[in-house]
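The values are calculated or read from the model by the stated rules, or taken from the named source; none is laboratory data. All values derive from a computational prediction rather than experimental measurement. Backbone-built Cβ (ideal geometry, glycine too); neighbour counts: all protein chains shown. Each accessible area value is taken on the protein alone, full model and side chains, heavy atoms only, with ligands, DNA and RNA left out. Shrake-Rupley method; radii C 1.70, N 1.55, O 1.52, S 1.80 Å.
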Amino acid sequence: MSTYNFHGNINGPANMGDQVRIDITHGLNLEGVIRLSEGLLDALRAEYPGLVGHGEIIRGALAESEADGGPPNRGRIRSALETISIGASAGSGSLAFVQQFMHVMGL
């Protein structure tokens, strides 16, 4: 999401009243996605302990984004989600979390 509010001539020097706000996470509620990743990790620990490492990759990518203020590494997250979706059975809580993640992140 971007908001540009220019007061006056935009070709001249920037005025202190100019407001430029860019949401670098592209409208993603990072706090909510981090909670979602914690739910995914809990489900993986209960249902598929062998896939927990992939859930930790997702959580790590989100923690990195939170720390540096940049957008989450979508490629790393997508790859981990795809691996989990291959190993998780239909109807499992883990697969439901994967599907929710893909929807929320637009993957």
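The listed residues are 85, 89, and the only one of them that is farther than 19 Å from residue 30 by Cα and not in a loop (DSSP other than H, G, I, E, B) turns out to be 85. For segment 70-107, what are the residues that are surrounded by 15 or more Cβ atoms within 10 Å (Cβ to Cβ) and touching a His at 6+ places or on another chain (Cβ under 7 Å)? 80, 83, 84 - these are the residues of segment 70-107 that are surrounded by 15 or more Cβ atoms within 10 Å (Cβ to Cβ) and touching a His at 6+ places or on another chain (Cβ under 7 Å). Summed over segment 84-97, the residues that are polar (S, T, N, Q) and more than 17 Å from residue 36 (Cβ to Cβ) give a count of 1.
Listed by first and then second residue, the pairs with beta-carbon distance under 8 Å, at least 6 apart or on different chains, first residue in segment 51-69 and open to solvent by 30 Å² or more (accessible area, probe 1.4 Å), second of a type in the set (Val, Ile, Thr) and in a helix (DSSP H, G or I), are 54/83; 54/84; 57/77; 59/34; 63/34; 66/34. Test residue 47 against the stated conditions and say whether it is at pLDDT 55 or above, open to solvent by 70 Å² or more (accessible area, probe 1.4 Å) and out of contact with any Gly (no Cβ under 8 Å at 6 or more places or on another chain). Judged against the criteria, residue 47 is not a match.
I'm trying to understand the selection: among the residues of segment 39-75, which are in contact with a Leu (Cβ under 8 Å, 6 or more places away or on another chain) and acidic (Asp, Glu)? Within segment 39-75, 56, 66 meet the criteria.
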